[in-house]
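Okay, structure first, notes after.
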Amino acid sequence: MNLILLGPPGAGKGTQAKKISAKYNLPHISTGDIFRETVQNGSDLGKKLQGFMSAGALVPDEVVIAIVRERLTKPDTKNGFLLDGFPRTIAQAIALDKELEKIGKKISRVISLTVNEEEIVKRLSSRRVCISCGAAYNLMTQPPKKESICNECHGQVIQRADDNADTVRNRLKVYDTQTSPLIEYYTNSGVLSSVDGMKTVEEVFKNICAAIEK
Ligand code: AP5
């Protein structure tokens, strides 16, 4: 099963991806996570990526496509994969289709999570993440047990650099102009399922599973 999770920033892609990946035993491939790891390594590429991410802009297509192409050659993707945050432009979607065609695969289903802007701003302003293990928290719904300390690894829990109000506004604009056209692209390929992301995490997950197993 080859799945894509599509949705605006803060729609719950990362939250749901962890659950889908565990239930269906699929590798979770998040381009955002890959880029954040590269930034943490402090390499020249990491410095370049940080510039795009902290402005809420997209990393250039050719960089993203090369990274995903390489990731899809890893043996753990043999029986399927779950892409989170990729593709994000029509050019990325076309490149992915071509790549999959070469290896005799295609996208099984694209789950598009819908959440309104007010909820997105609320979720992202209260999101916190562990800088050591990446565990996600939310100050309103799921705070760490000890303030700023990760429940899992005791690492430091911080606000993501791109979760400030200005950057979130730009990320939303970028989603509308560059990523939302993918909804039509995948509707036309007959693989899109739209899921209401405003419900609880468990309800959203149940509806995603129903769409996958349809
Ligand atoms: P990326 O890391 O992919 O960020 P994003 O798409 O903006 O998504 P987020 O991680 O912010 O949100 P999410 O939908 O995963 O929500 P989450 O589950 O965390 O990308 C970051 C940057 O990298 C981009 O801006 C770009 O620069 C670059 N990049 C990445 N991929 C790229 C690509 N393909 N091309 C070019 N550039 C790329 O949930 C958010 C919060 O809400 C959490 O606190 C969570 O606890 C809470 N929450 C989740 N679900 C619910 C619910 N149902 N009810 C209540 N709260 C909930």
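All of the numbers you see were taken from the coordinates with simple rules; none came from a lab. Just so you know, these numbers come straight off a predicted model, no measurement behind them. Don't worry about glycine lacking a Cβ; one is built from the backbone with ideal geometry, like all the others, and counts go over all protein chains shown.
Numbers at a glance
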| read-out | value |
| --- | --- |
| Members of region 35-51 found to be surrounded by fewer than 17 Cβ atoms within 10 Å (Cβ to Cβ) and near the ligand (Cβ under 10 Å from one of its atoms), listed by number | GLY51 |
| Residues that are touching a helix residue (DSSP H, G or I) at 6+ places or on another chain (Cβ under 7 Å) and either surrounded by fewer than 16 Cβ atoms within 10 Å (Cβ to Cβ) or of a type in the set (Gly, Ala, Ser) (or both), drawn from region 94-124 | ALA95, GLU99, LYS106, SER112, GLU117 |
| Residue within region 186-199 that is free of Cβ contacts under 8 Å to residues at least 24 places away in the same chain, outside any loop (DSSP other than H, G, I, E, B) and under 17 Å from the mean Cα position of the chain (by Cα) present | no |
| Pair list, Cβ under 7 Å, 6 or more apart: region 7-25 residue touching a residue at least 60 places away in the same chain (Cβ under 8 Å), other residue among the acidic types (Asp, Glu) and within 7 Å of the ligand (Cβ to nearest atom) | LYS13/ASP84; GLY14/ASP84; ALA17/ASP84 |
| Output for region 139-179, where each listed residue is in a loop (DSSP other than H, G, I, E, B) and in contact (Cβ under 8 Å) with a residue 24 or more places away in the chain | GLY155, GLN159, ARG160 |
| Top-ranked residue of region 71-88 - restricted to ones that are within 12 Å of the ligand (Cβ to nearest atom) and assigned to a strand (DSSP E or B), ranked as surrounded by the fewest Cβ atoms within 10 Å (Cβ to Cβ) | ASP84 |
| Residue check for ILE183: assigned to a loop (DSSP other than H, G, I, E, B), of a type outside the set (Phe, Trp, Tyr) and within 17 Å of GLY7 (Cβ to Cβ) | no |
| Members of region 13-29 found to be touching a Gly at 6+ places or on another chain (Cβ under 7 Å) and part of a helix (DSSP H, G or I), listed by number | LYS13 |
| Whichever residue in region 177-214 is among the acidic types (Asp, Glu) and within 13 Å of the ligand (Cβ to nearest atom) and, among such residues, is nearest to ARG88 (Cα to Cα) | ASP196 |
| Residue within region 104-114 that is within 11 Å of the ligand (Cβ to nearest atom), within 20 Å of ALA17 (Cα to Cα) and more than 17 Å from the chain's Cα centre (by Cα) present | no |
